[in-house]
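The values are calculated or read from the model by the stated rules, or taken from the named source; none is laboratory data. Please read all numbers here as calculations on a predicted model, not as lab measurements. All Cβ positions, even for glycine, are placed from backbone atoms using ideal geometry, and neighbour counts span all protein chains on display. All accessible areas refer to the heavy atoms of the entire protein, side chains included, with ligands and DNA or RNA removed. Shrake-Rupley method; radii C 1.70, N 1.55, O 1.52, S 1.80 Å.
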Amino acid sequence: MPDPSPGDVENLRLGSRGISVIRVREALIALGMMENPDDTLVTGAHVTLDRFDEELDHAVRAFQQRRGLLVDGIVGPATFRALKEASYRLGARVLAHQFGAPMYGDDVNALQDRLQDLGFYSGVLDGYFGLQTHNALMSYQREYGLAPDGICGPETLRSLYNLSSRVSGGSLHGIHSEELVRRSGPRLSGKRIIIDPGRGGSDHGLISQGPGGPISEADILWDLASRLEGRMTAIGMETFLSRPGSHSPADAERAAFANDIGADIMISLRCDGQTSPNPNGVACYYFGNSHGSVSTIGRNLADFIQREVVARTGLRDCRTHGRTWDLLRLTRMPTVQVDVGYLTNPRDRALLVTPQTRDAVAEGILAAVKRLYLLGKNDRPTGTFTFAELLAHEMSVEQAGRVTRP
């Protein structure tokens, strides 16, 4: 699928026309998501192929649903990128780690899957050829007598195709990540957490009327992040905010910051909104793609956060979902995005503008993180862990550790 200019792929939607619409249609036909018309462009019969019609809208939405994207029928940069990545098949190009111009695609995902089957790759299957994939490929090449250059070319491909899988069933990434959590122990003290408040800088988002006057979406999220940071710091966790109050970095920048810190987990805080005032509720998102690859710890943490926040706030339960958004995909640690409610819904807005609700959300997220590291060894009902009890539990675990040390 050829690269158009950025302007060509900006917000193609029902009714749009142009060469980019033809490219989108051709990509979906190649993926088997639209029927291939009998006539060809050279006959001149298809005067509407460059029009974004209802059939194309339906196919785009189905593709977005399959790939874990926002299902809105709009082909913007994220959807076009996903269409391009889906067009790559393993062997169609040479794969390598490239600084400044990383390679993405379903062919990278297939390579990661093959290396995982053989026991060399333990990361999430995200279709991103980063250092982890590079190192796994080099390890494979060394083991099987190939030049360890980290480049997946014809010789390496032949070797991969000729080998049968040594490991089948289960997820090596899931086993590895769960073992890391188990070995890190139940204490929260010392855990490194990135807290990512959405918006920021000149991006204020929606303005609502709160108890103390007007309050912006950015203010709500910053205040919520501060309340969460305060509780986590008090309990002994190392916390980092992903941005200063005066800046609104792109999601890829937020992910890069988290990767540089080397955090254990990342929690992103966002508000949702729609043109209609009816949608409402809280939802949590973790990395999960159409290939069946899932961030196991991200999913577990999302489940805990979802249950805790719903129990403490009364917000509608919109459940947890796997998505391939940049923030979830590009972070090297388990990441959860918490959409804490719809500011376009009167009830959600009335709750979120109050400090009491933001306190409840912050406490719920902290309790969820604790449950993650307890590995299900506490049967306290959801929504009942208080900050004081969490602090007391931390102290008791520390004291028990002192007794058992030689």
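Would you please classify the overall shape of the chain from the alpha carbon gyration tensor, given that a ≥ b ≥ c denote the square roots of the eigenvalues, rounded means a/c under 1.5, and beyond that prolate means a/b larger than b/c while oblate covers the rest? Oblate, since a/c reaches 1.5 and b/c is not below a/b.
Could you sort the peptides 384-391, 126-133 by per-residue average Cβ neighbour count (10 Å cutoff), highest mean leading? Display every interim value, and only then the final one.
On the way: 384-391: 14.2, 126-133: 21.2.
The densest-packed peptide leads the list: 126-133, 384-391.
Under the shape rule built on the C-alpha gyration tensor, where the axes satisfy a ≥ b ≥ c, the range 65-118 is prolate, since a/c reaches at least 1.5 and a/b is greater than b/c. Give the calculated FRET efficiency between PHE99 and ALA350 to the nearest 0.05, with a Förster radius of 45 Å applied to their Cβ-Cβ distance. Once rounded, the FRET efficiency stands at 0.40. Classification of the range 16-87 by its C-alpha gyration tensor yields a prolate form. The axis ratio a/c (a ≥ b ≥ c) is 1.5 or more, and a/b outweighs b/c. A Gaussian network model of the chain, with springs between Cα atoms under 10 Å, assigns the largest mean-square fluctuation among ILE74, ILE305, ILE267 to ILE74. Computed from label points 7 Å out along Cα-Cβ, the spacing between TYR161 and ALA252 is 3.2 nm. Across the chain, Cα pairs under 8 Å and at least six residues apart give a relative contact order of 14 percent.
Based on the Cβ-Cβ distance from VAL397 to LEU206, what FRET efficiency comes out when R0 is 41 Å, to the nearest 0.05? Kindly include the intermediate steps, with their values, before the conclusion.
On the way: r = 42 Å, r/R0 = 1.01.
So, using R0 = 41 Å, E works out to roughly 0.50.
The peptide list 149-161, 310-322, put in order of mean Cβ contacts within 10 Å with the highest first, becomes 310-322, 149-161.
Entry note, the chain: the mean residue ellipticity at 222 nm calculated from DSSP H runs of n ≥ 4, each adding -39500 (n - 2.57), is -14000 deg cm²/dmol after division by the residues and rounding to the nearest 500.
If each residue of separation counts as 0.36 nm, what is the full-extension length gain between ARG192 and ASN278 once their alpha-carbon separation is subtracted? The partial results should precede the final answer.
Working: separation 86, 0.36 × 86 = 30.96 nm, distance 3.75 nm.
Length gained between ARG192 and ASN278: 27.2 nm.
Of all aspartates and glutamates in the structure, the ones whose alpha carbon falls short of 19 Å from that of LYS191, not counting any fewer than 8 places away in one chain, are GLU178, GLU179, GLU229, GLU238, ASP260, ASP264, GLU363, GLU389, GLU394, GLU398.
Sorted on the mean count of surrounding Cβ atoms within 10 Å across their residues, most packed first, peptides 356-367, 22-33, 80-91 read 356-367, 80-91, 22-33.
Computed over protein heavy atoms with a 1.4 Å probe, the accessible surface of the range 243-331 works out to 39 Å² per residue.
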